[in-house]
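Reviewing the structure listed below.
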Amino acid sequence: MTGAARNFLTLAIIYAICGMILGLVMGISGSHSQMPTHAHIMVAGWLMSGFFAFFYHLFPDINRSRLAMAHFWLTAASGAVMLVSLYFLFAGNPGAEPITAIASTLFFVAILLFAWIALPVLRRAV
Ligand code: HEM
Ligand code: HEM
């Protein structure tokens, strides 16, 4: 595995470890206040990044393209800021909300970029 596929799978594994540690902390402490943070690290982090990894692995011609790399870095940077700021938000820091809002919007832009990359590839693949 190379290129964007390898980057995404590495990112997915980091999210899985961080998200499960947070889940364990929640379970052990009995405080579920970080449930939305945990849920998004697991599904928007681990599952989505894992999905992107296998998508790019399936289509090696775009795996090393600049667009695929741009998609990786936008997803990674906005996702990391979104999830860390979400943690601070649910830890009782409402001041983190504007950062979460900007990062979430960029995370959404990243999925639009993925649509731009993936839809033509899927049409070609038929
Ligand atoms: C070490 C493993 C894990 C632990 C200890 C753990 C722990 C927890 C806990 C304590 C909650 C809060 C439940 C509640 O307050 O109702 C939760 C919710 C959640 N977890 Fe995990 N979790 C783990 C792994 C995972 C994995 C692998 C995924 C997905 C790939 C996941 C996805 C979710 C989601 C989506 C929610 C929110 C559910 C809802 O909306 O009611 N978790 N988890
Ligand atoms: C632009 C990015 C996103 C924003 C702004 C967003 C926002 C939200 C909000 C406001 C909630 C309700 C939380 C609550 O009631 O406590 C929620 C819940 C949830 N979202 Fe997202 N979300 C985003 C992306 C995603 C993605 C990409 C996934 C899955 C791949 C996802 C999966 C979930 C799940 C499973 C829940 C239920 C768990 C919970 O209640 O915390 N979200 N999201």
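The values are calculated or read from the model by the stated rules, or taken from the named source; none is laboratory data. Please read all numbers here as calculations on a predicted model, not as lab measurements. Virtual Cβ from ideal backbone geometry, glycine too; neighbours counted across all protein chains shown.
Take the residues in segment 16-68 that are modelled with pLDDT of 95 or more, under 21 Å from Trp116 (Cβ atoms) and among the aromatic types (Phe, Trp, Tyr), then tell me which one is nearest to ligand 1 (Cβ to nearest atom). Residue satisfying both the conditions and the ranking: Phe51.
The condition (being under 23 Å from Asn93 (Cβ atoms), over 14 Å from the mean Cα position of the chain (by Cα), part of a helix (DSSP H, G or I) and away from ligand 2 (no atom under 14 Å from the Cβ)) is satisfied by just one residue among Leu67, Leu24: Leu24. Could you grab me the full set of residues in segment 21-58 that are within 13 Å of Arg6 (Cα to Cα) and either crowded, with 19+ Cβ neighbours inside 10 Å or among the aromatic types (Phe, Trp, Tyr) (or both)? If the condition is that a residue be within 13 Å of Arg6 (Cα to Cα) and either crowded, with 19+ Cβ neighbours inside 10 Å or among the aromatic types (Phe, Trp, Tyr) (or both), then Ser49, Phe51, Phe52, Ala53, Phe54, Phe55, Tyr56 are the ones that fit. The single condition among (1) within 16 Å of ligand 1 (Cβ to nearest atom); (2) over 11 Å from the mean Cα position of the chain (by Cα); (3) farther than 18 Å from Val121 by Cβ that Arg6 does not meet is (1).
Within the option set Ala125, Ala77, Ala118, being more than 14 Å from the chain's Cα centre (by Cα), surrounded by fewer than 16 Cβ atoms within 10 Å (Cβ to Cβ) and either of a type in the set (A, V, I, L, M, F, W, C) or modelled with pLDDT of 95 or more (or both) holds for one residue only, Ala125. Close Cβ contacts (under 7 Å, 6 or more residues apart or on different chains) running from residues in segment 33-50 that are more than 16 Å from Ile21 (Cα to Cα) and assigned to a helix (DSSP H, G or I) to residues that are modelled with pLDDT of 95 or more and of a type in the set (D, E, K, R) are absent. The combined condition, being buried (at least 18 other Cβ atoms within 10 Å of the Cβ), within 11 Å of the chain's Cα centre (by Cα) and within 15 Å of ligand 1 (Cβ to nearest atom), is not fulfilled by Tyr87.
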